[in-house]
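One structure below.
Every number in this text was worked out from the coordinates using simple rules, so none of it is lab data. Every value quoted in this text rests on a predicted model; they were computed, and no experiment measured them. No Cβ is skipped: glycine too gets one built from the backbone with ideal geometry, and neighbour counts run over all protein chains shown.
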Amino acid sequence: MGLNIDIVTIFPEYFGDETSGPLRTSLIGKAAARGDIGFQIHDLRRWALDVHHTVDDVPFGGGPGMVMKPDVWGAALDEVLAADGAVDSADAAAGRSADSGRLVVPTPSGVPFTQAVATRYAAQSRLIFACGRYEGIDGRVVDHMRQRMPVDEISVGDYVLAGGEAAVLVMIEAVGRLLPGVLGNASSADDDSFGGAGGSMTGLLEGPVYTRPRTWRGHEVPEILLSGNHAAIARWRRDMALRRTAAHRPDLLTALELDARDRQVLAAGFPVSGKDMAH
Ligand code: 6GU
């Protein structure tokens, strides 16, 4: 019951403390307060045994930057894995401990993090995130850990971050909102961009949304949204989603089953209501 998350990092302060910071804020913070998700942050330098708490060294073969030491990471992961994942109070009362879970290594050379990966992670009982910095972690650490447990090397996008910490927060937010009881409106996950199993918007980017007032700085809310015709509104929303997907992410269209109406909407051109973001 619940998801137990361990994070090993040289910047534990990045993740805040027991009462404040990104893991105690908003939906994730409430889930943590309820015990639906638990966090244990570990400072990698605890396992660096020299006086300078060294965690990195020069790369074999030469080249720029530094590589994180396998002995330090090995000791850290051995100890974190040997401890049970933090268990919520219901688990503790029932004598349940978390299983060894999955090791997730954020890296720009990983496989892409997608909504499907987030959904798989939300069904786990334990995730251990190993945050690399510098040029990365000695490759033997992942090779060794793969012999002991499932290991995922994951990228959150085609750009390079200075370390895995921000990527871990991205993944936790995507996973956390999928946990039972976390999302305020259970159906809103299905309507999201990339959301939902089988809704009319599956695989599409979401179109624009509107609230009051009906007129703002001369811009009107689309008339159809005021019509009360729910079928027509659903069709309009799909049309807008199709156009936005074609404009922003044409690569996603190839995976969709388009009907005749969909094709007609797309042939009519690309104007995306709500104005384009990129200039
Ligand atoms: Cl997961 N880590 C780092 N350092 N850079 C990234 C990334 C992860 N995903 C994209 N860029």
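Key figures for this structure:
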{"item": "Two-site label geometry, Arg120 and Ala255: point separation in nm, points 7 Å out along Cα→Cβ", "result": "1.3 nm"}
{"item": "Using distinct alpha-carbon pairs, which all enter the 1/r mean, Kirkwood radius of the chain in Å", "result": "21.6 Å"}
{"item": "Most mobile listed residue (Ser125, Ser20, Ser193) in the chain, GNM with C-alpha springs under 10 Å", "result": "Ser20"}
{"item": "Neighbour-count order for Ile5, Ile41, fewest beta carbons within 10 angstrom listed first", "result": "Ile41, Ile5"}
{"item": "Whole-Hz couplings from phi, Karplus 6.51/-1.76/1.60, listed for region 142-152; x for Gly and Pro", "result": "5, 4, 5, 5, 4, 6, 10, 6, x, 10, 10"}
{"item": "Amide H contacts under 5 Å for Ser155, placed H, 5+ residues apart", "result": "Thr107, Gly110, Val111, Phe113"}
{"item": "Under-5 Å amide H pairs with Val104, H placed in peptide plane, nonlocal only", "result": "Ile128, Phe129, Ala130, Asp152"}
{"item": "Cα-centred dipole magnitude for region 210-268, charges only on beta-carbon of K, R (+1) and D, E (-1), debye, nearest 20", "result": "240 debye"}
{"item": "Dipole axis of the chain (+1 Lys, Arg; -1 Asp, Glu on Cβ), positive-most option in Ile7, Ala82, Gly198", "result": "Gly198"}
{"item": "Cβ-defined net charge surrounding Phe11, 9 Å radius [Lys, Arg +1; Asp, Glu -1]", "result": "-2"}
{"item": "Helical contribution to [θ] at 222 nm, DSSP H n ≥ 4, -39,500 (n - 2.57), averaged over the chain, rounded to 500", "result": "-9000 deg cm²/dmol"}
{"item": "Lys/Arg +1, Asp/Glu -1 at C-beta; the chain dipole; positive extreme among Gly61, His219, Leu242", "result": "His219"}
{"item": "Sequence-distant residues sharing a close amide H with Phe39 (under 5 Å, placed H)", "result": "Ile5"}
{"item": "Within a Gaussian network of the chain (alpha carbon springs, distance under 10 Å), most fluctuating of Ala166, Ala33, Ala232", "result": "Ala232"}
{"item": "Extension gain from Asp143 to Val209, taking 0.36 nm per residue of separation minus the Cα-Cα distance", "result": "19.1 nm"}
{"item": "Backbone HN-Hα couplings from phi across region 3-13 [Karplus 6.51/-1.76/1.60, Hz, Gly and Pro as x]", "result": "10, 9, 10, 9, 10, 10, 7, 8, 10, x, 5"}
{"item": "Between 0 and 90°, nearest 10: helix 165-176 axis offset from the chain longest Cα axis", "result": "60 degrees"}
{"item": "Most mobile listed residue (Ser109, Ser155, Ser26) in the chain, GNM with C-alpha springs under 10 Å", "result": "Ser26"}
{"item": "Length-normalised contact order of the chain in % [C-alpha pairs under 8 Å, at least 6 apart]", "result": "16 percent"}
{"item": "Exposure rule at most 16 other beta-carbon atoms within 10 Å, DSSP loop chymotrypsin sites (Phe, Trp or Tyr not before Pro): the chain longest free segment", "result": "61-158"}
